[in-house]
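Worksheet for the structure shown next.
The values are calculated or read from the model by the stated rules, or taken from the named source; none is laboratory data. Please read all numbers here as calculations on a predicted model, not as lab measurements. Here the Cβ positions follow ideal geometry from the backbone for every residue, glycine too, while neighbour counts run over all protein chains shown.
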Amino acid sequence: MPRYVDGFVLVVPKKRLTEYRALARKAARVWNEHGALDYVECVGDDLDQKFGLPFPKLTKLKAGEVVIFSWIIYKSRAHRDAVNKKVMKDPRLQAMMAPEVMPFDGKRMSMGGFTVLVDA
């Protein structure tokens, strides 16, 4: 079955990582309740790579920050669009998205939708 993935890369101050984890857990519940197949958030811990463009350079990582790499899986792009439409109307998400409560700088976030090419 072809699936669809929303992918995200963002930077979180280490001192706000616990706060970010709480926000991510709440967001996961919202997305999963509205039909997402999977919701994953990861903290970078092995980012000193010599090949390609390492995440710290890509994100302009500063001292005291961590890189978050995350994704949400859907059945298809149409399913993603339907789930996200519901999620964006959910009052729980609205409360989490207020800039004054966000534990990261949204201007340093990168995101996009991806069609699965290989799923082994």
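Key figures for this structure:
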| item | result |
| --- | --- |
| Matching entry among Val66, Val87 (being within 23 Å of Ala28 (Cβ to Cβ), touching a strand residue (DSSP E or B) at 6+ places or on another chain (Cβ under 6 Å) and not in a loop (DSSP other than H, G, I, E, B)) | Val66 |
| When residues of region 90-109 are limited to those that are in contact with a helix residue (DSSP H, G or I) (Cβ under 6 Å, 6 or more places away or on another chain) and part of a helix (DSSP H, G or I), the one modelled with the lowest pLDDT | Met96 |
| Of residues in region 28-44 being in a strand (DSSP E or B) and of a type in the set (Val, Ile, Thr), the one farthest from Arg92 (Cα to Cα) | Val43 |
| Residue satisfying all of: in region 31-45; more than 18 Å from Ala78 (Cα to Cα) and of a type outside the set (D, E, K, R); surrounded by the fewest Cβ atoms within 10 Å (Cβ to Cβ) among these | Cys42 |
| Subset of region 87-110 [under 16 Å from Val5 (Cα atoms) and surrounded by fewer than 13 Cβ atoms within 10 Å (Cβ to Cβ)] | Ser110 |
| The listed residue being modelled with pLDDT of 95 or more and either touching a helix residue (DSSP H, G or I) at 6+ places or on another chain (Cβ under 6 Å) or surrounded by fewer than 18 Cβ atoms within 10 Å (Cβ to Cβ) (or both), out of Ser70, Ser76 | Ser76 |
| Total residues in region 1-28, condition surrounded by 13 or more Cβ atoms within 10 Å (Cβ to Cβ), closer than 26 Å to Lys85 by Cβ and without any contact (Cβ under 8 Å) to a residue 40 or more places away in the chain | 1 |
| Lys62, sole failed condition from (1) of a type in the set (Lys, Arg); (2) surrounded by 11 or more Cβ atoms within 10 Å (Cβ to Cβ); (3) touching a Pro at 6+ places or on another chain (Cβ under 9 Å) | (2) |
| Members of region 1-27 found to be assigned to a strand (DSSP E or B) and over 17 Å from Met97 (Cβ atoms), listed by number | Tyr4, Val5, Gly7, Val9, Val11, Pro13 |
| Near pairs, Cβ below 8 angstrom, 6+ apart or cross-chain, from region 69-80 (closer than 15 Å to Val30 by Cα) to any residue that is assigned to a helix (DSSP H, G or I) and modelled with pLDDT of 95 or more | Ile72/Trp31; Ile72/Arg80; Tyr74/Arg80; Tyr74/Val83 |
